[in-house]
Every structure is written in structure tokens, then in C-alpha cells.
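Student: The structure is given below, and queries will be raised subsequently.
The values are calculated or read from the model by the stated rules, or taken from the named source; none is laboratory data. Keep in mind it's a predicted model, so treat the numbers as computed, not measured. Quick reminder, even Gly has a Cβ in these numbers, built from the backbone with ideal geometry, and neighbours come from all protein chains shown.
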Amino acid sequence: MTPGGFNQPPFPPPDGSSVAAGPKRRTGWIVGAAVVAVVAVVAAFIAGTHVGQPVASAPAPTASPAPTPEPSPSPIGPPTSNNSSTSPVDPDTVRAEVAMLSRFVEERRGLRFREPVDVDVLAPGDFRTRVLAEFDKDLETLKAQGDLLIALGMVPADLDVVDAQRKLLGDGVLGFYDPVTKALVVRADRITPFFRQILVHELTHALDDQHFDLDRPELADRHDGSDWAFLALVEGNARRIENEYVAQLPPGDRQELQDEMWELGMEQMTTMLSVPLILAQLLTAPYDLGDPFARKLVEAGGQRALDDAFSSPPVSSEQVLHPEKYMKAEGPRTLQRPPADAPVKAEGVLGEALTGYYLQGDQIGGLGNLFGSGDLTELMRELLGTLDPNDAGLGDLLGTPGLGLLGRPEVDGWGGDRYVVWDDTDGSGVCIRVDWVMDSDAALAELDRRVRERTASDPAASIERPDHQRIRLTRCS
């Protein structure tokens, strides 16, 4: 389908892309809701976030080719084995909550559920076990991500990235939706505003999946950033609906939500004091960057424009960061892969977002490098104590983990890139070589300056100009 005004040309994958790709999110399931709450709190302080800005109200639902005109069925099916045997919440109570929240999601999304959705509510321990079981299905991809980040010097060379990611997901994920099995699973031991916020997010995924099919494994084979861009669209839209739900809560529920955020943040404190900040940022980036992208589409063309984006999704993090480029079908340039000094073990595209995070400088430490644990606890108490539960803007804070802790990773004039990763010839580590091109000579000169500034004190990195159009970084851990 080629939507008018938002059509996307086909961008072929780079040549020779048969090697395992670099960092990807799990394609079989979609992590949702509040991830790493403590990051949101500290980010708000560091960035000087003004939580008093109101959340824009959603436009009235517009006509869309996807919704069914008939009244929607009950969006929750019969109790599953988990609901009937291990759920800490009464299944009938869950059923009533899902029915109520689904009506909200349908109204704000402008679509109708076509079939019931099975919802599992698991106690925290059981949920963590379920999440880590899903996590273990994708270890090879996570190892490739670790090699890439170590080679770039964005995490310590001796870090076990897989173990660090496991800690983040085990502590921070509160719900997920699997577009393959259609399972919707939420962590909760009681019905609270936080539970409802999570469920709104996941129900949005389920609704989008019923109309647009979120299971797209072919994107993971392209190694060009289009899989991440699609994930940002999916998570950004769910975050948009989630934020609108939080914004309309009465003051009492907002206060309870704030209290739950504090409780969760304390649970995550140990992990966030030790895990590199960049890992938390990369985990939350599809939410943080996808939300404004989805909102911009709705502002520009209503629900129809958003629906069309699921048929012709963004193809790069550049388009997510700059929605106007998506609307104008301005895609990235495709580069040949740079030469490697040994057999290539991974290759792909960093994209504007990861390039931007790299250029922002060293973020290899955890929050413990910025604050002592006592200082961070006091910081969270002080910040949360200043929040006004009557403020509609509270939804932007409590509904947006990360809040751009490292800043928006924009790189003005980014045109395209390509990297290769290989094992160092002496067996001591991993190496990376990245080529970048830019949209103009001025942008190329600025990138050259920023890369050289970033690597000035890094003896493992070298910069060269293979020709007048490219900048090349080579680094071995």
C-alpha cells in the first residue's frame, strides 16, 4: 500500500549483508511500559526537565481503512492456565479492567479490536522468570551487540553485556506483548494505576498487531536500521497512548502512580548503580524517540497518517528523529561495507541515533559513577517530592523512562554509515571500522571535528579520510 504524502521508496539492504547483524531488539516479543524507572527520575533532574508542560490532547479519531465498523468484542479471552493457577489477581477483576482500558485504547487509537486478547497477570517472581526465558532465546544477537559496543568503547572491554542486559530486563520490564504467540503478559500483584498504565501500553500493541501485523522478521535480515525504526514506531505509538492515559488520571491516581514509581525505582537502584548508562538508554530509546515521532505523524495527518506508517514504516533512526524526512521520503544513503582486517563477524548500520550516542562521550559507568547510592536516593526523594499530582505533565515524566538521559542523539546532516566488526588478530578483543557520509560538506567537516574530539584521548582509535566524502573510524578494544 502506498499512502499519499507518506510513501516510502524501497531501500535495498547493503551489499554482502549475509553476516550476522549488529544490535537489535528481540523480534519475537515487544517489551513495554515502564522500563528502568530510576533512569527517568535521574534524567529529569540532570536534564532540568519541566514536568509542568501539559500533554497535548489526542485529536479526535479520524476515519481509517483498518478499523472494523462493528462493535468490538470483549478484548480479553477466557482465563489461561496462568490466570487460573498462578495469577495473584482475580481473573474476573482483570477481565473487567481489560474491557474498560480497551475502550480507552480504541477511542484514542481510532481502531477496534477484531478478536479477544488473552492476558496473563503474573506475580513479580514468575514474571521475571518468564521475561528471562524470552531473553535467553536471543543470546547471539545480544552477544553481537556487546561486541559492537565494546569495540566502540561505549562499554568497558571486560563487561559481560549479556549479563548486564539480563539485569536491566529482569528488573525493569513490567509487561510485554508477543506478536507471534499473541501473548500479553503483565507483572502485578494487585490492580493499581501502574498496572493500568502498563496494560494500556500492551493493549495498544495488541490492537496494532491485529490491524497491521507487528511480526516482521524480514526486517531483521536487512541489517540497515529499518528493524529498529519499525520498533520505534511500534513502541512510540504505544507510549503515546500510555501517556494520554496517565494525563487524564484523577489526582489521587496520579499520586499513587508517583508512589509506585518511587517503589520501583528503589527496586532498580542496585542494577542502575552498576550497569552502564548507555545500555539503559539503548533499551529505552525506541520509546523516548518513537513517541514524538508518532505524535508528529498524528499532528500532520491524523490517525490515517499513523496507520499508513505501519504499512510503510520509517527505514532509519534518522527518519524517527526527524519525522519531516520520513514524510518527504528522504532515506539514508547506502554504503559499501568498509574493509576488515580479519574475517567479519558482524556488520550493519549504526544510524544517526547510535552515532549520536557515540559522539556524546563516555557513558560507560553506571549511575554510581555520577552519584553515591545515598546521594541518588536523596535526589529521587527530592525530585518526586516536588511533583504535583494535579499536573497533567506528570504523564510525560512517569510515562517516559529515560527522558533522553544522554540527550537526543541528533547528528545534523547525517547521511549514512556502515560498519564491520571482527576479532582482533591477537585474540585480545574486538575491532570495528565505521564509514560515515553526510548530506553536505559543512556537515562532513563538523562530523570530522566531533569524531576527532571524541577520540582525542582514546589511543585505541584512529581516524582517516578514505576520500573527500567519507570519514572512517577504526578502533580495537
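Every residue, every condition in (1) in a helix (DSSP H, G or I); (2) on the phi < 0 side of the Ramachandran plot; (3) at pLDDT 95 or above, yes or no:
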site	(1), (2), (3)
K296	yes, yes, yes
L306	yes, yes, yes
T334	no, yes, no
Y357	yes, yes, no
G368	yes, yes, no
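Student: Confirm whether F194 is aromatic (F, W, Y) and surrounded by fewer than 22 Cβ atoms within 10 Å (Cβ to Cβ).
Tutor: Here the answer is no, as F194 does not meet what is asked.
Student: A further question on this structure: Could you say which residue among E244, E260 is of a type in the set (D, E), under 22 Å from A188 (Cα atoms) and modelled with pLDDT of 95 or more? Even if it seems obvious, please write down each step before you answer.
Tutor: Details: E260 fails: modelled with pLDDT of 95 or more.
None of the other options fit; the residue is E244.
Student: Let me ask something else. If I ask for residues that are among the small types (G, A, S) and assigned to a helix (DSSP H, G or I), which ones from the range 133-164 would you list?
Tutor: Residues satisfying the conditions are A133, A144, G146, A151, A164.
Student: Okay, moving on. If we scan the range 320-328, do we find a residue that is within 30 Å of G153 (Cα to Cα), buried (at least 24 other Cβ atoms within 10 Å of the Cβ), in contact (Cβ under 8 Å) with a residue 24 or more places away in the chain and touching a Phe, Trp or Tyr at 6+ places or on another chain (Cβ under 7 Å)?
Tutor: Yes: one or more hits.
Student: Tell me, which residue of the range 263-292 that is assigned to a loop (DSSP other than H, G, I, E, B) and either of a type in the set (V, I, T) or modelled with pLDDT of 80 or more (or both) is farthest from S316 (Cα to Cα)?
Tutor: This residue is V275.
Student: Next up: Restricting the search to the range 336-352, which residues are over 11 Å from R418 (Cβ atoms), surrounded by 23 or more Cβ atoms within 10 Å (Cβ to Cβ) and modelled with pLDDT of 95 or more?
Tutor: Within the range 336-352, just E352 meets the criteria.
Student: What is the residue count in the range 83-128 for residues that are in a helix (DSSP H, G or I), more than 20 Å from R187 (Cα to Cα) and of a type in the set (K, R)?
Tutor: Of the residues in the range 83-128, 3 are in a helix (DSSP H, G or I), more than 20 Å from R187 (Cα to Cα) and of a type in the set (K, R).
Student: Could you list all residues from the range 270-320 that are within 28 Å of D439 (Cβ to Cβ) and polar (S, T, N, Q)?
Tutor: Scanning the range 270-320 gives Q281, T284, S311, S312, S316, S317, Q319.
Student: Confirm whether V155 is crowded, with 21+ Cβ neighbours inside 10 Å and either more than 25 Å from Q360 (Cα to Cα) or without any contact (Cβ under 8 Å) to a residue 40 or more places away in the chain (or both).
Tutor: Spelling it out, it is not the case that V155 is crowded, with 21+ Cβ neighbours inside 10 Å and either more than 25 Å from Q360 (Cα to Cα) or without any contact (Cβ under 8 Å) to a residue 40 or more places away in the chain (or both).
Student: Take L214 and tell me if it is in contact (Cβ under 8 Å) with a residue 24 or more places away in the chain and not in a helix (DSSP H, G or I).
Tutor: Answer is yes for this residue.
Student: Further question: From the list D208, D189, D259, pick out the single residue that is farther than 28 Å from P323 by Cβ, out of contact with any strand residue (DSSP E or B) (no Cβ under 7 Å at 6 or more places or on another chain) and either basic (K, R) or part of a helix (DSSP H, G or I) (or both).
Tutor: Among D208, D189, D259, only D259 is farther than 28 Å from P323 by Cβ, out of contact with any strand residue (DSSP E or B) (no Cβ under 7 Å at 6 or more places or on another chain) and either basic (K, R) or part of a helix (DSSP H, G or I) (or both).
Yes/no matrix, rows are residues, columns are (1) surrounded by fewer than 24 Cβ atoms within 10 Å (Cβ to Cβ); (2) of a type in the set (D, E, K, R); (3) farther than 21 Å from Y287 by Cα:
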{"site": "A206", "(1), (2), (3)": "no, no, no"}
{"site": "F212", "(1), (2), (3)": "yes, no, no"}
{"site": "V234", "(1), (2), (3)": "no, no, no"}
{"site": "W262", "(1), (2), (3)": "yes, no, no"}
{"site": "T270", "(1), (2), (3)": "yes, no, yes"}
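Student: Follow-up. Output the number of the condition that G404 fails; it satisfies all remaining conditions of (1) surrounded by fewer than 20 Cβ atoms within 10 Å (Cβ to Cβ); (2) on the phi < 0 side of the Ramachandran plot; (3) modelled with pLDDT under 85.
Tutor: Of everything listed in (1) surrounded by fewer than 20 Cβ atoms within 10 Å (Cβ to Cβ); (2) on the phi < 0 side of the Ramachandran plot; (3) modelled with pLDDT under 85, G404 misses just condition (2).
Student: Out of everything in the range 421-448 that is under 24 Å from D224 (Cβ atoms) and touching a Cys at 6+ places or on another chain (Cβ under 9 Å), what residue ends up being surrounded by the most Cβ atoms within 10 Å (Cβ to Cβ)?
Tutor: I432
Student: Against the definition (crowded, with 23+ Cβ neighbours inside 10 Å and among the small types (G, A, S)), how does A247 come out, yes or no?
Tutor: no
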